[in-house]
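Here's the structure we're looking at; comments come further down.
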Amino acid sequence: MYDYLIKGGTVVDGTGTAPFVGDVAIADGKIAAVGASIEGEAKEVIDATGHFVTPGWVDVHTHYDGQVAWDDVIDPSSSNGVTTAIMGNCGVGFAPVPKGGEKELIELMEGVEDIPGTALYEGMPWGTWETFPEYIEYLDSRKYSLDIGAQIAHGAIRNYVMEERGRANEDATAQDIEHMSQIIEEAIKAGAVGVTTSRTVGHRSINGEAVPGTFAADDELEAFADAIKRAGKGVFEIIPSSSVGDMAALGGEPRSTLEEVELMAKMSKESGCPITFTLIQVFEKPELWREVLALVAEHNKNGAQLRPQVCSRPIGMITGLTGYHLFQRRESYLKIADLPLEERMAEMRKPEVKAQILADEDIPHPQAGSMENVVVAFKQALALMFKLESPIDYEPSPEKSFMALAAAEGRDPEEYMYDFLLEDDGKSFGILLGANYLAGDYEVIREMLTDDNTVVGLSDAGAHVSLIVDGAMPTYQMTHWVRDRSRGEKLPIEFIVNKQTLNNANLYGLTDRGSLEVGKRADMNIIDMDSLQTGRPEAHYDLPAGGRRIMQPVQGYKATFVHGVQTRKDDQDTGARPGRVARAA
Ligand SMILES: [Zn+2]
């Protein structure tokens, strides 16, 4: 007797082979049978005719480290068909933590990932764990709508072992390194699926200090790779120096991207550990990513396992009156910033207030690492900012930018933006398509995605909660790349599905999932491609302490299964919580 028999769907099994019409049977949490036609009794038969049946998505780049403490739904990922989310990325996380020492880690997370500090203070049971194994024990006591993979973050390790010296980014002593690598080995043995570090000066605590570990010397990183080797499994996730640009405004980066690739190749070859690292097109060197991919291919032929992590759309920073916007640091705006939206808009509509705000200079936020200071980017990038109108066009042509639209009407672009923010009762959103969109189309992204060595990630789900809504990327790449793209080649569904499932699961050693093959975990989506859509962002005030997050609604998931249990039905949470801590084999 099967638990579920899913009949007549178009099966895209995650291995990359062509779709076929057929049935999938689930029993005891696993795929029990797959084939053109399966006979047999089932407790529930689901007719999937006309729908796609895929493995659940594996999102390797999330920041749910705080959210897993106060929430068990884990949105936006669960509503986007994600069945495994890996957190602890980018060198920031919450274990190990000295007793009473959460402040430093919260300030890091607040600065790097822009998750409100109040939510992290109030929403997490501080004191429940100190070591990483204790943290995993805590996670093991919780139940979620999807599986969570935990990674141990360099920032937390350095803070724990080296304290003030670690936070000040002093060089680690041989003893420090020994202690830190022991902690890593123990963490992986207890269930961590990876170790993560940030090496860009662009990632700073809320107070503006570079993340502990940013300037770590080669021997520190090599010792970490060696700890992964001793533990026998685990991935090293790295945000390389220079990977998000030259960072000249912050004093520049210590290393070039190509130097970083050489270091990572050496570490991977010597330790045998896979290394995944952020790869985006950077403003100052728009062709550099090609050199990186070529260098990676060469090193991988010679025994390295480098897996550049790329994204399926430009990393988008959204802007609106219920989020961040160009005018939020102007002196006259700050006077009305705390008013409720309607009253604030009434003020903003007054011609004299508008004229004053437009004329004002920005007053930098007193906390140098605050995301409030994103106004600098907004000010420089009006030619890369676009309206988010329904249905959203994420590959807009350059003449649709705020700069171009304003020019066409002979208006000042800032003034144009000001009026736009007041449209739609203040709920309109624009987007800055920064990384990967310098050419004004998706050819760069297509080349990155189709490179054999890359993995798809960088959604940052759970982070940048008022600025980036790329947690919807796994859905988006199905609508845009598979179905809707009109400005260039599309990508085959079996390719996109493989990239988001088996390819990612394999990187993290999660060999029990990622494909619809007999014996694998029944993590699965049933998708109605005709209705699949990501909607316009909207602000929610549902974080602990009333904190804000912006969510992008999604529709088209007829069903999601995690470990053979149905967690979503017709885009609604079923209330089932089969999700646990994901461990590598
Ligand atoms: Zn990240």
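Would you pick out the residues in the stretch 554-573 that are free of Cβ contacts under 8 Å to residues at least 24 places away in the same chain and either touching a Cys at 6+ places or on another chain (Cβ under 6 Å) or surrounded by 15 or more Cβ atoms within 10 Å (Cβ to Cβ) (or both)?
K569
Given the conditions (1) more than 30 Å from A559 (Cβ to Cβ); (2) more than 15 Å from the ligand (Cβ to nearest atom); (3) in contact with a helix residue (DSSP H, G or I) (Cβ under 8 Å, 6 or more places away or on another chain), which single one is not true for I148?
(1)
Determine whether E287 is without any contact (Cβ under 8 Å) to a residue 24 or more places away in the chain and within 30 Å of P474 (Cβ to Cβ).
Yes: the conditions hold for E287.
Mind counting the residues in the stretch 241-264 that are part of a loop (DSSP other than H, G, I, E, B), away from the ligand (no atom under 16 Å from the Cβ) and touching an Asp or Glu at 6+ places or on another chain (Cβ under 8 Å)?
5
Would you call P286 surrounded by fewer than 21 Cβ atoms within 10 Å (Cβ to Cβ), on the phi < 0 side of the Ramachandran plot and not small (G, A, S)?
Yes.
So in the stretch 133-163, with the set limited to residues that are under 12 Å from D65 (Cβ atoms) and hydrophobic (A, V, I, L, M, F, W, C), which one is surrounded by the fewest Cβ atoms within 10 Å (Cβ to Cβ)?
Here the answer is L139.
Cβ-Cβ under 8 Å, sequence separation 6+ or interchain: first residue in the stretch 1-30 and assigned to a loop (DSSP other than H, G, I, E, B), partner surrounded by fewer than 23 Cβ atoms within 10 Å (Cβ to Cβ) and at pLDDT below 95. Which pairs?
M1/G40
Go over the candidates D528, D523 one by one and state the one that is of a type outside the set (K, R), surrounded by fewer than 24 Cβ atoms within 10 Å (Cβ to Cβ), away from the ligand (no atom under 16 Å from the Cβ) and modelled with pLDDT of 95 or more.
D528
For the stretch 221-228, state whether one or more residues are part of a loop (DSSP other than H, G, I, E, B) and either among the aromatic types (F, W, Y) or at pLDDT below 95 (or both).
No, the conditions are met nowhere in the stretch 221-228.
In the stretch 265-275, is there at least one residue being in contact with a His (Cβ under 6 Å, 6 or more places away or on another chain) and either within 17 Å of H299 (Cβ to Cβ) or part of a helix (DSSP H, G or I) (or both)?
yes
Let's see how each residue does on (1) out of contact with any Phe, Trp or Tyr (no Cβ under 7 Å at 6 or more places or on another chain); (2) not aromatic (F, W, Y):
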site	(1), (2)
L433	no, yes
Y437	yes, no
D441	yes, yes
R446	yes, yes
D451	yes, yes
V456	yes, yes
G462	no, yes
A472	yes, yes
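In the stretch 481-496, is there at least one residue being in a helix (DSSP H, G or I) and either within 16 Å of the ligand (Cβ to nearest atom) or within 20 Å of G245 (Cα to Cα) (or both)?
no
Do you know which residues across the stretch 535-585 are closer than 19 Å to G9 by Cα, in contact with a Phe, Trp or Tyr (Cβ under 6 Å, 6 or more places away or on another chain) and part of a strand (DSSP E or B)?
Correct list: R568 only.
Kindly state which helices (runs of 4 or more DSSP H) lie completely within the stretch 389-451 and contain at least 1 residues that are touching an Asp or Glu at 6+ places or on another chain (Cβ under 9 Å) and not assigned by TED's automatic domain parsing to the domain that holds I357.
443-450
In this structure, is G101 modelled with pLDDT under 95 and small (G, A, S)? Walk me through how you get there before you give the answer.
Numbers: modelled with pLDDT under 95: yes; small (G, A, S): yes.
The answer is yes for G101.
Kindly establish whether D75 is in a loop (DSSP other than H, G, I, E, B), under 28 Å from M473 (Cα atoms) and away from the ligand (no atom under 16 Å from the Cβ).
The answer is yes for D75.
Only residues that are touching a helix residue (DSSP H, G or I) at 6+ places or on another chain (Cβ under 7 Å) and surrounded by fewer than 16 Cβ atoms within 10 Å (Cβ to Cβ): list them for the stretch 16-55, please.
Across the stretch 16-55, the qualifying residues are T17, A18.
Tell me, please, whether a residue that is assigned to a helix (DSSP H, G or I), touching a strand residue (DSSP E or B) at 6+ places or on another chain (Cβ under 7 Å), touching a residue at least 60 places away in the same chain (Cβ under 8 Å) and away from the ligand (no atom under 16 Å from the Cβ) can be found in the stretch 230-240.
no
Regarding the stretch 84-103, can at least one residue be identified that is surrounded by fewer than 22 Cβ atoms within 10 Å (Cβ to Cβ), in a helix (DSSP H, G or I) and more than 16 Å from the ligand (Cβ to nearest atom)?
Taking the stretch 84-103 first, the residues surrounded by fewer than 22 Cβ atoms within 10 Å (Cβ to Cβ) are 98-103.
With in a helix (DSSP H, G or I) added as a condition, the list becomes 102-103.
Narrowing the set further to residues that are more than 16 Å from the ligand (Cβ to nearest atom) leaves 102-103.
Among the residues of the stretch 84-103, at least one is surrounded by fewer than 22 Cβ atoms within 10 Å (Cβ to Cβ), in a helix (DSSP H, G or I) and more than 16 Å from the ligand (Cβ to nearest atom), which makes the answer yes.
The values are calculated or read from the model by the stated rules, or taken from the named source; none is laboratory data. Worth saying up front: this structure is predicted, and the values here are computed from it rather than measured. Note that each Cβ is placed from the backbone with ideal geometry, even for glycine, and that neighbours are counted across all protein chains shown.
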